[in-house]
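Quick notes on the structure that follows.
The values are calculated or read from the model by the stated rules, or taken from the named source; none is laboratory data. A quick note: this is a predicted structure, and the numbers were derived from the prediction, not measured. Here the Cβ positions follow ideal geometry from the backbone for every residue, glycine too, while neighbour counts run over all protein chains shown. Accessible surface is based on the protein model in full, side chains and every heavy atom, while ligands, DNA and RNA are left aside. Shrake-Rupley method; radii C 1.70, N 1.55, O 1.52, S 1.80 Å.
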Amino acid sequence: MSEEQFSYPEKVDVQNCDKEPIHIIGKAQAHGVIVAANPQTFQVTQASENTLKFFGISHQDFLGISLEKLIGELPVKRLQTSIFEESGFTAEELKINENSFVMLAHLSGDNLILDFEILGKTWNPTHFQQQLTSIINGLDTTESIPSLCDRAAKLMKDIFDYDRVMVYRFDEEWNGEVVAEEKEEHLESWLDLHYPASDIPSQSRKLFLKHKVRIISDVNYEPVPIASEIFPVTNKPLDLSRSALRGVSPIHIEYLQNMKVGASLTAAIIVNGNLWGLVACHHYSAKFINYYQRETCKFLTQVFSNNISTIQTGIFNKKISENSELRQRIVEELKIEDSLAEGLAKTSVPFTSLIESEGGAVILDNEIKAFGKTPKEAEVLEIRDFLAQKDEVIFHTKNLKNQYPKAEKYKKSASGILSFKLGRAEDNFIIWFRPEVAETVSWGGDPNNKVSYNEEKQRLSPRKSFEKWTEKLDGISHSWQDYDLETAKVFRENLNQFLLAKQKEEISRLNQNLEEANKDLELFSYGISHDLRSPLRGINGFAQILKEDFSRDLPAEASETIDTILKASNRMEGIIDDILSFSKITSGELEKEKFSNKKLLEELLSSFNIRTNFPDTEVVIAENLPETFGDRRMVFQLWSNLVGNALKYSQRAKAPKLEIGSISENNREVFYIKDNGIGIAKNDQDKIFNVFSRVSKNDFKGTGVGLSIVARIIEKHNGKIWIESEPGKGSTFFFYL
Ligand code: ADP
């Protein structure tokens, strides 16, 4: 809701009171005057319509008046300095028209707002001093929170003398409970009564966070309109959220009237930045306490709030340190060889005792292990599915069936759950269960009857009855505390670390297996190719002898057969050579150095003996080939395969030509070798790097291993290889290392 877009609506009732814009109510309470002025010119722009009563100046004459005329030169100077120095305003005591006022100033948007509040009864400074001392002494921190609340209520009653003083504490759903009370004897007690969250709507709670004390001096007051309602220059209503004299929401007035309350004073208890509760004072007739007394009240609640915070932090720290010992013991006892569930089942302290609960469960990889009092396994799995949909890593509720109706069945064991997600998977959880508490709660009126129809006002009104209304708690467990959540958080980190260590262990075990398997495989292929060589040499040698010594005596068919044997055994030798070098490449470690590709290629080409073997082929090597940092032996093999292929697959071209060079691309030196040979079809371009993969027709000799060796060498150097090729026109292989 944008705060500035609209003025106070005509119709507000309890149905829309959560949206009621109480800060722009456009009304003042009757015990003073609200004045808005221009903070530059100090001319009055708007004011509540009771100026005649308090200042003796008619409202008509009052608008446009200069503040100096009203309050005098010096106070205006002080306002001016405060605005200029942004130092904040101090309360100013003034006498106007024989009335004594306290003037409270603040800036709101483009306006300077001044509350002229009747000064009322004042105390002498010694009395004031005594009060502050009694507050400090009365609220020492050694106590428990309930007794601290009792003391605060008593102090408030003693100092301000309202008929009833209550300390009202919010629960996690913003329902309130009266946890301490001091009252006139004849009044019935409201101690322990609960009130639904709707009694104090969220925007009131927000205002309490900002402006900690609020007084309604006369519930039955006649609200004083502020005129004009809209500021003529900006066309916006006045934002009165910080005005002490701001008029009261009619719904809230009706609520107090229904309670027969005549005046109220409310102070916010703010603990660690959150609204913890309220000190609510009720009087059964009109009652006003002035600004200074309200400051004392602010001081009291501040000391009270600080002490609550100290006690809560003490409890938190104690719980956390007790837990941390247990937690460490559990974590130390977990064994890496056990699964997490097995491990948690064996620890001398059960993990369920880390957080007050009656049972727990570990759900990991679809396996479930339950501890203590829990729903049935199938039901725990249902809860797991419910939890898996939640975004929160740590989830808690004291009323599971409210969010997950199926939980009605097992509310005896699992009315409350606290869970966290384990590891990265979405469906691994640790859960703690809390049973339903067999307690009753007394409400101040039936919380389900929030509304009644008010004939006279023609609208839905706040409930009328505040008669004690007792309800048995259904499906509700004890609340999870901040230290429970903190324990869950650190325990989760511990277990995630354990799972990570387990995973690492598993990976290193697999790696070791893999390494062993690889070694075996290398040995095997090395052994095979090595062992095959000598019988092959035998075959080849004897076939050679047959051919040389006996071919004249043999029929032509037998001679041809011998030739076939020789060809096949030569081919097989080629395959064995290639496999041998492939297995060497796969197993070898890199020995990197800087070397010249130019020299390497010269060496390589001379070994190919191009002039004799490929007399028609022209080979062009670019002049300034860059150097390479890599394993020279491997890179030699790489070039050897690429050059060998280029020579082989282009030898039947009309004028075979090879070009070797390099280009710079994205700060990298990319080498290329281009031929004008048979080329490679698009579909085949991916396959050719696989072992034994050959795509050209059989009329070229080869084993299909060369390019797989090339690919391995590139991979070992973290490089990349790719092809541009067109069948019939030639191929270019690009690579970088
Ligand atoms: P091979 O021993 O068969 O040459 P390679 O692994 O070196 O084995 O090459 C695999 C296949 O890729 C070859 O059989 C051939 O079909 C194709 N090939 C490789 N280089 C070229 C090239 N420069 N031009 C055309 N085809 C090529």
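Below is a table of values for the structure above.
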read-out: Residue within segment 177-187 that is among the basic types (Lys, Arg), open to solvent by 30 Å² or more (accessible area, probe 1.4 Å), within 21 Å of residue 297 (Cβ to Cβ) and not in a strand (DSSP E or B) present; value: no
read-out: Subset of segment 681-707 that is in contact (Cβ under 8 Å) with a residue 60 or more places away in the chain and touching a helix residue (DSSP H, G or I) at 6+ places or on another chain (Cβ under 6 Å) - its residue that is nearest to residue 568 (Cα to Cα); value: 703
read-out: Whichever residue in segment 657-691 is assigned to a strand (DSSP E or B) and acidic (Asp, Glu) and, among such residues, is nearest to the ligand (Cβ to nearest atom); value: 675
read-out: Selection from segment 359-374 of residues that are farther than 26 Å from residue 424 by Cβ and not in a strand (DSSP E or B); value: 373
read-out: Test: residue in segment 434-445 that is closer than 28 Å to residue 493 by Cβ, at pLDDT 95 or above and either in a strand (DSSP E or B) or among the basic types (Lys, Arg) (or both); value: yes
read-out: Residue that is over 28 Å from the mean Cα position of the chain (by Cα) and either surrounded by 14 or more Cβ atoms within 10 Å (Cβ to Cβ) or closer than 16 Å to residue 276 by Cα (or both), where the choices are 305, 309; value: 305
read-out: Identity of the residue in segment 369-391, under 19 Å from residue 495 (Cα atoms) and touching a Lys or Arg at 6+ places or on another chain (Cβ under 9 Å), that ends up least open to solvent (accessible area, probe 1.4 Å); value: 387
read-out: Segment 369-393: number of residues that are closer than 16 Å to residue 342 by Cα and in contact (Cβ under 8 Å) with a residue 24 or more places away in the chain; value: 3
read-out: Enumeration of residues in segment 536-550 that are surrounded by fewer than 14 Cβ atoms within 10 Å (Cβ to Cβ) and either basic (Lys, Arg) or at pLDDT below 85 (or both); value: 537
read-out: Selection count, segment 179-213, where residues are within 27 Å of residue 246 (Cα to Cα) and either free of Cβ contacts under 8 Å to residues at least 24 places away in the same chain or among the basic types (Lys, Arg) (or both); value: 4
read-out: Subset of segment 20-66 (residues that are over 28 Å from residue 219 (Cβ atoms), surrounded by 21 or more Cβ atoms within 10 Å (Cβ to Cβ) and of a type outside the set (Gly, Ala, Ser)); value: 44
read-out: Output for segment 392-407, where each listed residue is open to solvent by 30 Å² or more (accessible area, probe 1.4 Å), part of a helix (DSSP H, G or I) and touching an Asp or Glu at 6+ places or on another chain (Cβ under 9 Å); value: 401, 406
read-out: Of the criteria (1) aliphatic (A, V, I, L, M); (2) at pLDDT 90 or above; (3) surrounded by fewer than 20 Cβ atoms within 10 Å (Cβ to Cβ); (4) over 22 Å from residue 612 (Cβ atoms), which one residue 678 fails; value: (3)
read-out: Segment 616-674, residues that are open to solvent by less than 40 Å² (accessible area, probe 1.4 Å) and within 49 Å of the chain's Cα centre (by Cα); value: 628, 630, 631, 670, 671
read-out: Test for residue 579: is it crowded, with 18+ Cβ neighbours inside 10 Å and not assigned by the TED database to the domain that holds residue 657; value: yes
read-out: Meets criteria (within 17 Å of residue 107 (Cβ to Cβ) and at pLDDT below 80) for residue 10; value: no
read-out: Verdict on residue 356 being charged (D, E, K, R) and assigned to a helix (DSSP H, G or I); value: no
read-out: In segment 190-203, the residues that are of a type in the set (Ser, Thr, Tyr) and buried (at least 19 other Cβ atoms within 10 Å of the Cβ); value: 195
read-out: Any hit, segment 711-733, residues being near the ligand (Cβ under 7 Å from one of its atoms), over 24 Å from residue 627 (Cα atoms), among the basic types (Lys, Arg) and assigned to a loop (DSSP other than H, G, I, E, B); value: no
read-out: Residue count for segment 557-598, restricted to those that are more than 14 Å from the ligand (Cβ to nearest atom), modelled with pLDDT under 90, within 25 Å of residue 627 (Cα to Cα) and assigned to a helix (DSSP H, G or I); value: 2
read-out: Hits in segment 599-615 - residues which are open to solvent by 80 Å² or more (accessible area, probe 1.4 Å) and either in contact (Cβ under 8 Å) with a residue 60 or more places away in the chain or in a helix (DSSP H, G or I) (or both); value: 599, 602, 603, 606, 607, 611, 612, 613
read-out: Qualifying residue in segment 343-356 (condition: touching a Ser or Thr at 6+ places or on another chain (Cβ under 7 Å), without any contact (Cβ under 8 Å) to a residue 60 or more places away in the chain and open to solvent by 10 Å² or more (accessible area, probe 1.4 Å)); value: no
read-out: Meets criteria (surrounded by 15 or more Cβ atoms within 10 Å (Cβ to Cβ), over 27 Å from residue 155 (Cα atoms) and of a type in the set (Val, Ile, Thr)) for residue 219; value: no
read-out: Hits in segment 698-710 - residues which are within 7 Å of the ligand (Cβ to nearest atom), aliphatic (A, V, I, L, M) and either open to solvent by 20 Å² or more (accessible area, probe 1.4 Å) or assigned to a helix (DSSP H, G or I) (or both); value: 707
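Results for (1) surrounded by 13 or more Cβ atoms within 10 Å (Cβ to Cβ); (2) closer than 23 Å to residue 177 by Cβ; (3) not β-branched (Val, Ile, Thr), shown as yes or no for each residue.
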| residue | (1), (2), (3) |
| --- | --- |
| 102 | yes, no, no |
| 133 | no, no, no |
| 138 | yes, yes, yes |
| 143 | yes, yes, yes |
| 150 | yes, yes, yes |
